[in-house]
Amino acid sequence: MYKKRGITIIFMALASMVLGQPTQSPDRYTPELLWKLGRVSEAVTSEANNSILYGVTWYDLVANKGNRDLYLLKKNATEPVKVTSFKGSEQNGIFTPDGKKIAFLSAEGGETMQIWEANLDGSNPVQISHFENDVQGFSYSPAGNKLLAVMRIKLDKTVNDMYSDLPKANARLQDDLMYRHWDSWRDFSYNHIFVADYANGKATHPVDIMDGEHFDSPMMPMGGMEQIAWSPDGKSIAYTCKKLSGQDYAVSTNSEIYLYDLQTQKTSNISKPNPGYDQNPVFSPDGKRIAWQSMARNGYEADKNRIFVYDLATQKVKDYSENFDQSANSFLWSKDGKYLYFISGIKGTEHIFGLDLATTKIRQITTGDCDYTAISLLGDQIIATRMSMLDPIEIYSIDIANGKATQLTFTNKEILKSVKSAKVEKRWVTTTDNKQMLTWVILPPDFDPNKKYATLLFCEGGPQTTVSQFFSYRWNFQIMAANDYIVVAPNRRGLPSFGQEWCDQISGDYGGQNMKDYLSAIDDMAKEPYVDKDHLGAVGASYGGFSVFWLAGHHEKRFKAFLAHCGMFNLEDQYLTTEEMFFVNWDLGGPYWDKKSPAVQHSYANSPHLFVDKWDTPIMVIHGENDFRIPYTQGMAAYNAAKLRGIPARFLTFPDENHWVLKPQNGVLWQREYFRWLDQWLKK
């Protein structure tokens, strides 16, 4: 590392990675072990051949990249078979409608990502599309005579297009908002849906069903093929789109469900009356109904996801979740169309539920301390991906009648067979307003209640993201426990899965009740004889980073070290430099210059930068320079403030990372510096 203008910047050179490597025995989680694990994703099923197709991404730490291959697991087989092995990654693996082949995206044939098919065992791979642009995602029509493909189409002019005599000019010219989003600047292109003919193993004549529209489907930046669906008869396509631009787009969550008729080439908006998010349409097996997720309030991204079912004949929609105080996601119709299965958060977990459409009754199918992340049908079973704080994602089959889960894949069994696991406990903490708050407590391997352990308060981001049973590859509780830290992870106010009122409370109350909840959790744990109350730390990212900055000015000497990743530090600056304005408008109440609004002034009065005069504790700040949700200058300002106050501080920046840390060597460095900092201040 080197000094520049008084700011210590730690670069991601391998030479610096030798610093601060945690001392661990080989039988515990390490940063390197996390990147050896295979990451399972996108399990799809085929009734025609009773098989499951899924992907596993394996990372090469030396090469600093990952590679995704596809695997096939037949219904009663004991071991999966690897069916692709191209040099690059294979994405969007699905079955052809007749179940005789697999199909996927690959760039093996050249520089662009195209559609390939292969036999079920992976033999005889053939490129079936030769489209001009990269294919982002695709699916076959049910009859198999057409397919749809998502491609990015350039529609707007750059400065070089406007001034052709200045080909080397390097500038961006903006006239409206949403000129950058998440981690990328506006590139003048849009995701469009194309419908192509398919016959004899060839996809030809793609037609843009959104021709000339300056909108995205799937929506940027996180949308995928779950936002588009074929009707069972192959005559129409339902898709998600927010047909707004610039400032209108930035201040609104009003996405819609559109229905495109292939014969008439006409598009209709079937969710127009609803002002909030409408997403992820799924046709019923008979094609007479469409289910989708719907939020009621425009501008509120964490509103309850309702279960909307639209009748195509009557053009009426029904909300089946009026009496269900939870969000619903990942809709799956039963084969007879009588039931709708979905995933919902409940008390810090994510489980599978079933809706009886005739009686409108909803029942919970699965139980346990785990998160189900995706579902599909195979015979009379639900096939699901599942994880927990202790275990990465694997595939399970679920008995719909009794909820019994049977593990089908064991991707990391050999890697983890000799690794000692942490232990997770539930703890219900009484809050300052006399409510019960679920707090996860993660204990180290070989935990000894007669010893004292340095303890970390984990502050969740979002701010409306559940502390569920997630297995993170950065904020990983196994590796924290492996370094002999106890972790206290409260589901404070503002987190879903405890009813919408609990979730809603945080909006307009940053620095309020949710901060009291944090302190209630750590104070409650500090009473335990095995918690070293003189060596407590607080860590978190995003809103969790904001929480750390806020606690640094209000903790009354509870903590001996802080670590904040991508946190909001100055709310006034955050309001004017973030990209999705609807978020700050809703959660902060509006712009800070609205002096007449008590709610707005309350929000900005709780900005962490206003309490730096009370900072007295060592703090580490981490930020990605490609983070446009919370720009890296927020982290820089917090670090500079600490240094100018004479407080021990460290600043770790990643020039090529966004709100997350996604590259293998950056990820290992993150873990090493994380523990080097905490060990310095919290370990005796």
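The values are calculated or read from the model by the stated rules, or taken from the named source; none is laboratory data. Just so it is clear, the structure is predicted and the values come from calculations on it, not from any experiment. Cβ atoms come from the backbone with ideal geometry, glycine included; neighbour counts cover every protein chain shown. Surface accessibility is based on the protein's heavy atoms, side chains included, excluding ligands, DNA and RNA. Shrake-Rupley method; radii C 1.70, N 1.55, O 1.52, S 1.80 Å.
Using the basic label-point model (7 angstrom from Cα toward the beta carbon), what is the LYS595 to ARG427 distance in nanometres?
4.6 nm
How many percent of the accessible area of segment 378-511 is carbon or sulfur, using a 1.4 Å probe?
Ligands and nucleic acids excluded, carbon and sulfur give 47 percent.
Aspartates and glutamates near LYS335 by alpha-carbon distance under 12 Å, same-chain residues fewer than 8 away left out - which ones?
GLU47, ASP286, ASP380
Need one number: nm distance between label points at THR204 and GLN436, each 7 Å from Cα along Cα→Cβ, rounded to one decimal.
My value for the distance between the label points is 6.6 nm.
Skip the ligands, DNA and RNA, and give the accessible area per residue of segment 483-522 with a 1.4 Å probe, whole Å².
On a per-residue basis, 20 Å².
Got the relative contact order for segment 208-297 handy, in percent, Cα pairs under 8 Å and 6 or more residues apart?
24 percent
In Å², and per residue, what accessible area does segment 28-143 have when probed at 1.4 Å with the other protein chains present?
I get 45 Å² per residue for this part.
Subtract the Cα-Cα distance of LEU166 and THR264 from 0.36 nm times their separation in residues, and report this length gain in nm to one decimal.
30.9 nm
What relative contact order, as a whole-number percentage, does the chain give when Cα pairs under 8 Å and 6 or more residues apart are counted?
This gives 11 percent for the chain.
Distance between the C-alpha centers of segment 146-198 and segment 224-286? Whole Å please.
22 Å
Per residue, how many Å² of accessible area does segment 355-448 show with a 1.4 Å probe?
Normalised by residue count, the accessible surface of segment 355-448 is 46 Å².
Provide the FRET efficiency to the nearest 0.05 for the GLN513-LYS335 pair, computing r from the beta carbons and using R0 = 60 Å. Walk me through the numbers before you get to the answer.
On the way: r = 46 Å, r/R0 = 0.76.
The value I calculate is 0.85.
In the structure displayed, which of LYS426/LYS533; LYS36/LYS417; LYS235/LYS266; LYS560/LYS684 lie more than 18 Å apart, Cα to Cα?
Over 18 Å apart, Cα to Cα: LYS426/LYS533.
To the nearest 10 degrees, how steep is helix 513-526 against the longest Cα principal axis of the chain, on a 0 to 90 scale?
Long axis of 513-526 versus the principal axis of the chain: about 60 degrees.
When a/c is below 1.5 the answer is rounded, else prolate if a/b is larger than b/c, else oblate, so apply that to segment 560-644 with a ≥ b ≥ c taken from the square roots of the Cα gyration tensor eigenvalues.
Judged from the Cα gyration tensor, segment 560-644 comes out oblate (a/c at least 1.5, b/c at or above a/b).
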